[in-house]
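The values are calculated or read from the model by the stated rules, or taken from the named source; none is laboratory data. None of these values were measured; they are calculated from a predicted model. Here the Cβ positions follow ideal geometry from the backbone for every residue, glycine too, while neighbour counts run over all protein chains shown.
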Amino acid sequence: MLKKQYILEAIIISILCEENEKRLILKTDRCKGCYLCVEVCPLKSLEASGELNVKGIYPPSLKAGSKCVFCGMCEDTCPDFAIYVVKVEK
């Protein structure tokens with residue numbers, strides 16, 4: 001007999017860009033497709049990807065040939081906390 005039951009949610013994480021101990025991370029399935037991150041990117045480096053997430057949305061991806069300066073504008077704007085910059089310790 002089960003005493004406790006837990007439901008664990010798998011989180012799909014994409015590393016959109018990685019450079020100099022920083023990463024731009026996207027929790028793909030949290031994205032609802034508002035594309036505010038695409039609009040606020042100062043380098044216009046983000047675009048809708050070609051792959052659907054579990055919500056049937058095309059989450060953002062880094063444009064081919066583009067780079068990220070890890071300014072955090074996308075992170076500050078995302079209402080779902082789906083995209084963010086992290087510092088990687090080595």
Residue match in the stretch 66-75 (condition: free of Cβ contacts under 8 Å to residues at least 12 places away in the same chain and of a type in the set (Ser, Thr, Tyr)): no
Residue in the stretch 54-90 that is surrounded by the most Cβ atoms within 10 Å (Cβ to Cβ), counting only those that are among the β-branched types (Val, Ile, Thr) and part of a loop (DSSP other than H, G, I, E, B): 57
Residues that are hydrophobic (A, V, I, L, M, F, W, C) and either under 28 Å from residue 90 (Cβ atoms) or in contact with a Leu (Cβ under 6 Å, 6 or more places away or on another chain) (or both), drawn from the stretch 17-44: 17, 24, 25, 26, 37, 38, 41, 43
Pairs, first under 15 Å from residue 66 (Cα atoms) and free of Cβ contacts under 8 Å to residues at least 40 places away in the same chain in the stretch 32-53, second surrounded by 16 or more Cβ atoms within 10 Å (Cβ to Cβ) and among the acidic types (Asp, Glu), C-beta under 8 Å, six or more apart: 38/47
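Among the residues of the stretch 1-53 satisfying the criterion of being part of a helix (DSSP H, G or I) and modelled with pLDDT of 95 or more, which is surrounded by the fewest Cβ atoms within 10 Å (Cβ to Cβ)?
Filtering the stretch 1-53 for residues part of a helix (DSSP H, G or I) gives 28-30, 36-40.
Filter again for modelled with pLDDT of 95 or more, leaving 36-40.
Numbers: 36: 17, 37: 22, 38: 18, 39: 12, 40: 16.
The residue in question is 39.
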Failed item in (1) within 10 Å of the chain's Cα centre (by Cα); (2) touching a residue at least 24 places away in the same chain (Cβ under 8 Å), with residue 15 passing the rest: (2)
